[in-house]
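Have a look at the structure below before the remarks.
The values are calculated or read from the model by the stated rules, or taken from the named source; none is laboratory data. This one's a predicted model, so the numbers in the text were calculated from it and none came from an experiment. Here Cβ is always computed from backbone atoms with ideal geometry, including for glycine, and neighbour counts include all displayed protein chains.
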């Protein structure tokens, strides 16, 4: 589980995000609505002044000119008649006339005192027309839609329904907003109206009116909204609303009852939410939409302003308390909401084509019953893709990936809104994906940093800084547990260390060893070596692990030459220190053995303690070659593979050896110098003579071998007396006791 925490934990967060989205808590729903508000503010519906919708506004100036509200019903009646005479197609009241007009003569006399003087007036006033009758007569002569309000605190008398309802598909009644009471118009006024609609507009939890119901119900009776009824009445042949539920012909339900999908109002189709509400694609308050009520009573009023239009009568005066918050305006007149609904349906509803559907017109906001499913699928796919991709791209690119996924979510949502007027939530999927991204990259980051710290702590003491940096950047380059690899191994040992140590006490010996091992280690690390271990005065190092290094044999040889040069500097310093202390200087000599071949390298040891080390026959041979440096009197001996990889350096073949503990023959070489020595003509001549000497020796031509030995002693670029003394002794021995006929020149070493 720990190894896959960067996958498991982000998946848990993704599943939790999906669960919360299915539950759809109020906080998430409100957050989604705020996103839609922002979209709408960035791109509101384009207002079309040619749309036949106007608002007769009872504003402050109208109240100043025509009197305080409520106006006498006679004044309202005159307003209706003036609109009718001007050619208004429909007049819809965003107000309810629930009580008798207090300014009617019959109502006024009720507050008169009972006196003889007023008795005669009472009789005559009874002959005057009632103001409510005047308004009712005006309504009867016009195409008027009255409004009513449903509530749970209203009266029990239901409103009069002017149109029928036909339902296609499963019964959606349970989805429609329900109320138990109503505030209705006076019976006479309601009876003579051409239509009757609810002006209930239900706000969301934050008090903003984003969605307006086209349908409401009281008990089991369904009623249209004021906007829907105004749109129906303006169509002479429209007498019935057709309500399509999800699951009806042409509507998707995905096997479940999901409420209303479309309401047909005469020649217009309005996509809705399951509860019958429509998203209002607000265009915002526009002066062109409004007609001041007082202007209708002016002699210069132009009838063309209202002719042929759907007229809503409502109030913007603050004192009349009919102000509502919309996404575009925190104090919009309530009547404007109804007008915007009708504008939207007129401009953007689906046009029928023989009952088979139609083409969507620009501007109609839609969040249909598949939006939640699309968002869930989108979130699941994008989240899973993020979980899958982040471990692949690594920490460096995960930031760009996170930004890209969020930008993609917003881009798709914005495209759907601007191009297809569909509302999809980009924020919640983005937040969940962002959370997945942060957790996944956080785990990867801390794990990577942990690996980097582990690598640095584990290898900084025996790897070169450059190699440590490479491993820290990519710890996967370190194969744990052991692997077979071609490697170059070096052993370094101080010759005659026992004699040297006799001249020091414990503290002095420690100081001496540290003074030797530290610079030697610096040289090895500078040449890319990995320090395997220290064994008293000896050092074991190797190349080509844990980081692959082409040319590792050559680097090992260069390190050996540099160690010899550094030792010469140390000997000079130690000699000066010894003379200053009155001691005789004791030169320090080292032996270096290098071999290249197939080895096993990795973390070796036990569960309690392990070291990064290398083992194998080639390692043992390197150790044996180091031991032979005393026998041959050379500072560094190379195995055959190392010599091949060290091309260009000053090498001579030493011998054909079969070292102790080995049955195979190894060709050993002495490393005498660097590329500059190898390029010298004198060295090349010497190397040729040395090779000829070895050939004569192995052929048993002792006279020629001795002659060439003499030449080699004189031409050697470095002291090789021990080597040539060794061969001289062997030749003398073979003269006295010749080797067997099958002798191949191999020397069997009995020393380690």
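Which residue out of 201, 227 is under 17 Å from residue 92 (Cβ atoms) and not in a loop (DSSP other than H, G, I, E, B)? I'd like the intermediate steps shown before the answer.
Values: 201 fails: not in a loop (DSSP other than H, G, I, E, B).
None of the other options fit; the residue is 227.
Take residue 645 and tell me if it is farther than 26 Å from residue 741 by Cβ and assigned by TED's automatic domain parsing to the domain that holds residue 595. Spell out the reasoning first.
Values: farther than 26 Å from residue 741 by Cβ: yes; assigned by TED's automatic domain parsing to the domain that holds residue 595: yes.
Yes; evaluated as a whole, the condition is true for this residue.
Any residue that is over 29 Å from residue 36 (Cα atoms) and crowded, with 19+ Cβ neighbours inside 10 Å - is there at least one of those in segment 209-218?
So the first thing to find is which residues in segment 209-218 are over 29 Å from residue 36 (Cα atoms), and the list is 218.
If we keep only those that are crowded, with 19+ Cβ neighbours inside 10 Å as well, we get 218.
Yes - at least one qualifying residue is present in segment 209-218.
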Inset, instruction - Considering each of 212, 216 in turn, give the residue that is assigned by TED's automatic domain parsing to the domain that holds residue 278, part of a strand (DSSP E or B), in contact with a helix residue (DSSP H, G or I) (Cβ under 6 Å, 6 or more places away or on another chain) and within 23 Å of residue 314 (Cα to Cα). - result: 212
Legend entry - The lone exception for residue 627 - which of (1) exposed (fewer than 15 other Cβ atoms within 10 Å of the Cβ); (2) in contact (Cβ under 8 Å) with a residue 24 or more places away in the chain; (3) more than 46 Å from the chain's Cα centre (by Cα) it fails: (1)
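Pick from 734, 683: which is in a helix (DSSP H, G or I), touching a strand residue (DSSP E or B) at 6+ places or on another chain (Cβ under 7 Å), farther than 24 Å from residue 624 by Cα and touching a residue at least 12 places away in the same chain (Cβ under 8 Å)?
Numbers: 734 fails: touching a strand residue (DSSP E or B) at 6+ places or on another chain (Cβ under 7 Å).
None of the other options fit; the residue is 683.
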Legend entry - From 57, 37, residue being crowded, with 20+ Cβ neighbours inside 10 Å and in contact with a strand residue (DSSP E or B) (Cβ under 9 Å, 6 or more places away or on another chain): 57
Legend entry - Boolean, residue 263 is over 20 Å from residue 173 (Cβ atoms) and either modelled with pLDDT of 95 or more or surrounded by 23 or more Cβ atoms within 10 Å (Cβ to Cβ) (or both): no
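If you take the residues of segment 476-497 that are part of a helix (DSSP H, G or I) and modelled with pLDDT under 80, which of them is surrounded by the most Cβ atoms within 10 Å (Cβ to Cβ)? First the steps, then the outcome.
Here is the first cut: in segment 476-497, the ones part of a helix (DSSP H, G or I) are 476-477, 497.
This time we only want the ones that are modelled with pLDDT under 80, so: 476-477.
Details: 476: 7, 477: 14.
Restricting to residues being part of a helix (DSSP H, G or I) and modelled with pLDDT under 80, the top hit is 477.
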Inset, instruction - Only residues that are over 17 Å from residue 569 (Cβ atoms) and assigned to a loop (DSSP other than H, G, I, E, B): list them for segment 498-541, please. - result: 502, 503, 504, 505, 528, 529, 536, 537
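How many residues, within segment 281-311, are assigned to a loop (DSSP other than H, G, I, E, B) and over 30 Å from residue 33 (Cα atoms)? Explain how you work it out, then say what you get.
Step one: filter segment 281-311 for residues assigned to a loop (DSSP other than H, G, I, E, B), giving 281-286, 298-302, 306-309.
Those still in the list that are over 30 Å from residue 33 (Cα atoms) too: 298-302, 306-309.
Looking only at that region, the number is 9.
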Inset, instruction - Run residue 560 past the list (1) surrounded by fewer than 23 Cβ atoms within 10 Å (Cβ to Cβ); (2) farther than 13 Å from residue 486 by Cα and report the number of the one that doesn't hold. - result: (1)
Legend entry - Filtered residue count, segment 50-88, keeping only those that are in contact (Cβ under 8 Å) with a residue 24 or more places away in the chain and assigned to a helix (DSSP H, G or I): 18
Inset, instruction - Select from segment 576-585 the residues that are on the phi < 0 side of the Ramachandran plot and out of contact with any helix residue (DSSP H, G or I) (no Cβ under 6 Å at 6 or more places or on another chain) and list them in ascending order. - result: 576, 577, 578, 579, 580, 581, 583, 584
Inset, instruction - Output the residues belonging to segment 542-585 that are over 60 Å from the mean Cα position of the chain (by Cα) and in a helix (DSSP H, G or I). - result: 571, 572, 573, 574, 575, 576, 577, 578, 579, 580
Legend entry - Yes/no for residue 639 being buried (at least 23 other Cβ atoms within 10 Å of the Cβ), on the phi < 0 side of the Ramachandran plot and at pLDDT 90 or above: yes
Legend entry - Selection status of residue 639, under 60 Å from the mean Cα position of the chain (by Cα) and over 26 Å from residue 496 (Cβ atoms): no
Legend entry - Pick from segment 138-185, criterion buried (at least 19 other Cβ atoms within 10 Å of the Cβ) and out of contact with any strand residue (DSSP E or B) (no Cβ under 7 Å at 6 or more places or on another chain), ranking: nearest to residue 260 (Cα to Cα): 139
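If only one of 725, 742 is in a loop (DSSP other than H, G, I, E, B) and either surrounded by fewer than 11 Cβ atoms within 10 Å (Cβ to Cβ) or over 60 Å from the mean Cα position of the chain (by Cα) (or both), which one is it? Walk me through it before giving the result.
On the way: 725 fails: in a loop (DSSP other than H, G, I, E, B).
Result: 742 is the single residue among 725, 742 that is in a loop (DSSP other than H, G, I, E, B) and either surrounded by fewer than 11 Cβ atoms within 10 Å (Cβ to Cβ) or over 60 Å from the mean Cα position of the chain (by Cα) (or both).
Do we have residue 192 as modelled with pLDDT of 95 or more and surrounded by fewer than 20 Cβ atoms within 10 Å (Cβ to Cβ) here?
Yes; evaluated as a whole, the condition is true for this residue.
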